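The structure appears below as structure tokens.
The values are calculated or read from the model by the stated rules, or taken from the named source; none is laboratory data. Remember, predicted model here, so these are calculated numbers, not experimental data. Cβ coordinates were reconstructed from backbone atoms using ideal geometry, including for glycine residues, and neighbour counts include every protein chain displayed.
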There are 2 protein chains.
Amino acid sequence: MGKVYLVGAGPGAPDLLTLRAARLLESADIVLHDALVHPDTLALAKRARRMDVGKRYGKVSTEQRFIIRALIEAARTHEVVVRLKGGDPMIFGRAQEEIDALHAAGIEVEVVPGVTAALAAAAALRISLTRRGVARTVAFVTPRVGRDESESEWLPAAIGADSVVLYMAAGASQAIAANLIRSGKPAATPAALVESATLAEEKREFTTLGALASAERPRAAGPVLMCVGEVFGAVEAVAAAGAERCRFG
Amino acid sequence: MGKVYLVGAGPGAPDLLTLRAARLLESADIVLHDALVHPDTLALAKRARRMDVGKRYGKVSTEQRFIIRALIEAARTHEVVVRLKGGDPMIFGRAQEEIDALHAAGIEVEVVPGVTAALAAAAALRISLTRRGVARTVAFVTPRVGRDESESEWLPAAIGADSVVLYMAAGASQAIAANLIRSGKPAATPAALVESATLAEEKREFTTLGALASAERPRAAGPVLMCVGEVFGAVEAVAAAGAERCRFG
């Protein structure tokens, strides 16, 4: 019986993988990976059979129960099984369903954490998510609604935290901004959008909730993180990043 | 004039560094690092002069303004300056003060994200911070109080989010738990403590807010993350991790 490693591939750029993840990929017998993992990252798995089990928003998706069946089958026939997920496995990665099913099948699981997208967005913007006297709490939320979930469940955390990063926000920034303003966030609250963080096609934009609420945006080409909070209006940071500012939408 | 790289060293284990961070350390001319960075990580900086500018809770600390002066001086006399911070630079790392001062001095800054401690704790516990139908929001907060901060500012985010990870919680778990219960979280809310995440001396414990509120804990040897939320009571995960459960305190 093999062992399954749930491994974070990091936010996009292949060199934002951890050393441990790189070593595991090199020794893997089989790799089951998400759709958005960089080809250079997959190329590290020289010895491995590779299976794309990716769920990509709006494109063909693989059912979670198929992924779980494939993982169990892989562990029965391979020694080192790597389940490679974008970002960190434990943030919006549906990892628990896979961990629980593997445990139930008697298969050993180890989790290798990765750099989650919100941290890459903060690095790209050169804005710390926490700041003395301004922000000591940070929330990661998603406005994406699955079955069995109501649409407003993300609001209490987004309203309660000083800095908020919304994952999978592409196509939803207008509704999110309007929702936050309706719930009491001032329209002047600074916001920032980061598309395709850490990749060559990365785009950044500084704005406000009011501006986002006032217009629908064209479809983005890559994943979009929406950042909201006073820290994103920091004058020095915006000025410095402004030199390479790049509107997108 | 050199360039300053604010680099995340990851949560503790040296192989949870990113490939980019490792490469930068190898080419660094000078490294200014926090106290808790692993010696094997520092050893990657073969060519570099190394300066410990670490702030360690309860031990000798270096003033932030000294660190900033040292960074500016380093950039004036070295080409590749690495400022190495535990975890991710943009989460509780006081990075903005350094970024703003460097920008004001006309020095170029790049941020290399890292694996933040909360993600390492989730990996150690084998519990996803998000879970369909249970948790779609995550908050990172710190109960540590600096100057100009009131003691309760972390509560709205901690109450609003489904899963909460409290950084720098050593010595404060009783007060935090009592505070959360007073603010409306049920005493039966599952909680977990992770000490020295990812290191050989790592310790994990599953408990509840009520149990934490009822007793003071002995001083921990390493940094402690306190995790609160329904996901930390997941029956399968607790049972699986229970095999190697290790009470500490």
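Only one residue in A:ALA215, A:ALA177 is small (Gly, Ala, Ser), modelled with pLDDT under 95 and not assigned by TED's automatic domain parsing to the domain that holds A:ASP88. Which one?
A:ALA215
Restricting attention to segment A:107-147, which residues are more than 7 Å from chain B (Cβ to nearest Cβ), at pLDDT below 95 and part of a strand (DSSP E or B)?
Result: A:ALA135, single match.
Output the residue which, of all residues in segment B:1-28 that are within 14 Å of chain A (Cβ to nearest Cβ) and in a loop (DSSP other than H, G, I, E, B), is nearest to A:GLU26 (Cα to Cα).
B:LEU17
Would you confirm whether any residue within segment A:165-181 is farther than 18 Å from A:LEU119 by Cα, under 16 Å from the mean Cα position of the chain (by Cα), crowded, with 16+ Cβ neighbours inside 10 Å and within 13 Å of another protein chain (Cβ to nearest Cβ)?
No.
Quick one: count up the residues across segment B:11-28 that are within 17 Å of the chain's Cα centre (by Cα) and farther than 16 Å from A:ALA122 by Cβ.
Result for segment B:11-28: 7.
Looking at segment A:1-26 only, could you name the residues that are among the basic types (Lys, Arg) and either buried (at least 23 other Cβ atoms within 10 Å of the Cβ) or in contact (Cβ under 8 Å) with a residue 24 or more places away in the chain (or both)?
Within segment A:1-26, A:LYS3, A:ARG20 meet the criteria.
Any residue that is aliphatic (A, V, I, L, M), away from every other protein chain (no Cβ under 14 Å) and exposed (fewer than 15 other Cβ atoms within 10 Å of the Cβ) - is there at least one of those in segment A:29-45?
no
Take segment B:185-206 and flag every residue that is among the hydrophobic types (A, V, I, L, M, F, W, C) and either in a loop (DSSP other than H, G, I, E, B) or not assigned by TED's automatic domain parsing to the domain that holds B:LEU155 (or both).
Across segment B:185-206, the qualifying residues are B:ALA187, B:ALA188, B:ALA197, B:LEU199, B:ALA200.
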